[in-house]
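The values are calculated or read from the model by the stated rules, or taken from the named source; none is laboratory data. No experiment lies behind these values; they were computed from the predicted model shown. Backbone-built Cβ (ideal geometry, glycine too); neighbour counts: all protein chains shown. Calculation scope for accessible area: heavy atoms of the full protein, side chains included, ligands and nucleic acids excluded. Shrake-Rupley method; radii C 1.70, N 1.55, O 1.52, S 1.80 Å.
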Amino acid sequence: NLSLNVPHLCPQLQNLLAEKVEQLMEWSSRRSVIRMNGDKFRRFVKAPPRNYSVIVMFTALQPQRQCSVCRQANEEYQVLANSWRYSSAFSNKLFFTIVDYDEGADVFQQLNMNSAPTFMHFPPKGKPKRADTFDLQRIGFAAEQLAKWIADRTDVHIRVFRPPNYSGTIALALLVSLVGGLLYLRRNNLEFIYNKTGWAMAALCVVFAMTSGQMWNHIRGPPYAHKNPQNGQVSYIHGSSQAQFVAESHIILLLNAAITMGMVLLNEAATSKGDVGKRRIICLVGLGLVVFFFSFLLSIFRSKYHGYPYSFLIK
C-alpha cells in the first residue's frame with residue numbers, strides 16, 4: 001500500500017515522498033528493523049516531507065560497549081517489529097528503525113542523547129514531544145509495553161506474536177521420562193508415593209513458583225535485571241506494577257518460602273509436646289521469620305504500587 005494521501009504537496013515533494021516511502025518499504029521487506037546511520041536518519045526520519053511515523057531505537061550493540069540491556073531490549077524490539085511486519089494490518093504508515101551509536105554517533109550528539117537504549121517516536125508532522133520518548137525506566141521494554149505505547153502515539157495497534165519456544169516442552173518431556181523411569185525401577189517398592197511430606201514439598205514448590213510470577217516470566221520473557229547505563233546501578237525490582245524482572249520473581253519466591261517456614265515453625269511450637277524451652281525458641285524463630293520477611297515483602301509491594309499507605313517495620 002503506497003497510497004500517499006497528500007494532495008496539498010507540490011509534484012516535486014510528492015515525488016520525493018513517494019521515493020522515500022518506496023525505499024523504506026523495500027528495506028522493510030528485507031528486514032523488519034531498518035538499520036540507519038546519520039545520513040539515512042536525517043533523510044528518512046528528520047527531513048520533510050513525511051506522512052509516516054518512525055519508531056527509532058537508539059542503542060549500543062557492539063560488544064565493546066558491554067550494554068547487556070541493549071541486547072535484551074533489542075530482542076524485544078525485534079519481536080515487536082516482526083509482529084508488525086508480518087501482520088495483516090502492515091502498511092507504509094509505520095516503520096521500525098535502529099541507530100547504533102557506533103554507526104550514528106552524530107545522531108546521538110544532534111539529539112543530545114547520552115544513554116542507551118532509548119526508544120523515540122517521530123510523528124508524520126512536527127517535532128517529537130515529551131510523550132514520544134518511551135519511559136523505559138518506569139515501564140520496562142517488553143514488546144507488549146512498547147506496542148501499547150505505539151498505539152497511544154500512532155493509533156496503530158500491533159498484536160505481539162512471539163516465536164514458539166520448545167524448551168518448556170522438552171523440559172516437561174524429560175521430567176515425565178525421569179519420573180516414569182524412577183517408577184519403573186522402583187516398581188516393587190512404591191511406598192514413597194504415599195509420603196505426605198514429599199507431596200507437601202512438591203505442592204509448595206508449585207505454589208511458590210506460581211505466586212512469584214514464573215508463568216508471567218515465561219509468557220512475557222522479561223530481562224533478568226536492569227542496569228542503568230548512566231550510573232551502572234543494577235535494579236532487581238521493577239518500579240512499575242505492570243512489569244517485573246526475573247530476579248524479582250526469585251526474590252518473591254524466597255520471601256514466600258521464608259514466611260511459610262516461619263508459619264510451619266509456629267505450628268510446630270504450638271502442637272508439639274516436647275520441651276517447653278525448646279518450643280519457646282522455635283516459636284520465637286518462627287515469629288521472627290514471619291514478621292521480618294513479611295515486612296520485606298510489603299515493602300516491595302509499596303515500591304511497585306505507588307501510593308500504597310501501609311508498611312510494617314521496613315519502609
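Structure above, values below:
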item: Count - residues of the stretch 221-241 that are modelled with pLDDT under 80, outside any loop (DSSP other than H, G, I, E, B) and either open to solvent by 70 Å² or more (accessible area, probe 1.4 Å) or aliphatic (A, V, I, L, M) (or both); result: 1
item: Some residue of the stretch 129-150 being surrounded by 12 or more Cβ atoms within 10 Å (Cβ to Cβ), of a type in the set (Ser, Thr, Tyr) and touching a residue at least 40 places away in the same chain (Cβ under 8 Å); result: no
item: Hits in the stretch 151-166 - residues which are over 18 Å from Val79 (Cα atoms) and either small (Gly, Ala, Ser) or open to solvent by 40 Å² or more (accessible area, probe 1.4 Å) (or both); result: Asp152, Arg153, Asp155
item: Inter-residue pairs, beta-carbon under 6 Å, first in contact (Cβ under 8 Å) with a residue 24 or more places away in the chain and in the stretch 286-299, second open to solvent by 40 Å² or more (accessible area, probe 1.4 Å) and part of a helix (DSSP H, G or I), 6+ apart; result: Gly286/Leu265; Gly286/Leu266; Leu289/Met261
item: Counted residues, the stretch 31-69 - those being modelled with pLDDT under 90 and part of a helix (DSSP H, G or I); result: 5
item: Qualifying residue in the stretch 84-100 (condition: farther than 22 Å from Ile158 by Cβ, in the same structural domain as Met120 (by the TED database) and either modelled with pLDDT of 90 or more or in contact with an Asp or Glu (Cβ under 7 Å, 6 or more places away or on another chain) (or both)); result: yes
item: Residue check for Leu182: without any contact (Cβ under 8 Å) to a residue 12 or more places away in the chain and open to solvent by 100 Å² or more (accessible area, probe 1.4 Å); result: no
item: Members of the stretch 247-278 that are crowded, with 16+ Cβ neighbours inside 10 Å and under 21 Å from Pro223 (Cα atoms); result: Ala247, Glu248, Ser249, His250, Ile251, Ile252, Leu253, Leu255
item: Number of the exception - Ile170 against (1) among the β-branched types (Val, Ile, Thr); (2) open to solvent by 50 Å² or more (accessible area, probe 1.4 Å); (3) modelled with pLDDT of 90 or more; result: (3)
item: Count of residues meeting criterion [part of a loop (DSSP other than H, G, I, E, B), over 27 Å from the mean Cα position of the chain (by Cα) and of a type outside the set (D, E, K, R)] in the stretch 242-281; result: 2
item: Residue count, the stretch 285-315 (criterion: over 23 Å from Ser240 (Cα atoms) and open to solvent by 70 Å² or more (accessible area, probe 1.4 Å)); result: 3
item: Filter result for Arg186 (over 26 Å from Gln62 (Cβ atoms), charged (D, E, K, R), in contact with a helix residue (DSSP H, G or I) (Cβ under 8 Å, 6 or more places away or on another chain) and at pLDDT below 85); result: yes
item: Residue count for the stretch 9-52, restricted to those that are under 21 Å from Ser83 (Cα atoms), touching a strand residue (DSSP E or B) at 6+ places or on another chain (Cβ under 8 Å) and open to solvent by less than 10 Å² (accessible area, probe 1.4 Å); result: 6
item: One residue from Tyr184, Tyr224 being of a type in the set (Phe, Trp, Tyr) and either in contact with a Phe, Trp or Tyr (Cβ under 8 Å, 6 or more places away or on another chain) or assigned by the TED database to the domain that holds Ala243 (or both); result: Tyr224
item: Matching residues in the stretch 114-137 - criterion: being within 17 Å of Asn51 (Cβ to Cβ) and of a type in the set (Lys, Arg); result: Lys125, Lys127
item: Complete set of residues in the stretch 114-127 that are surrounded by fewer than 16 Cβ atoms within 10 Å (Cβ to Cβ) and at negative phi; result: Asn114, Ser115, Pro123, Pro124, Lys125, Lys127
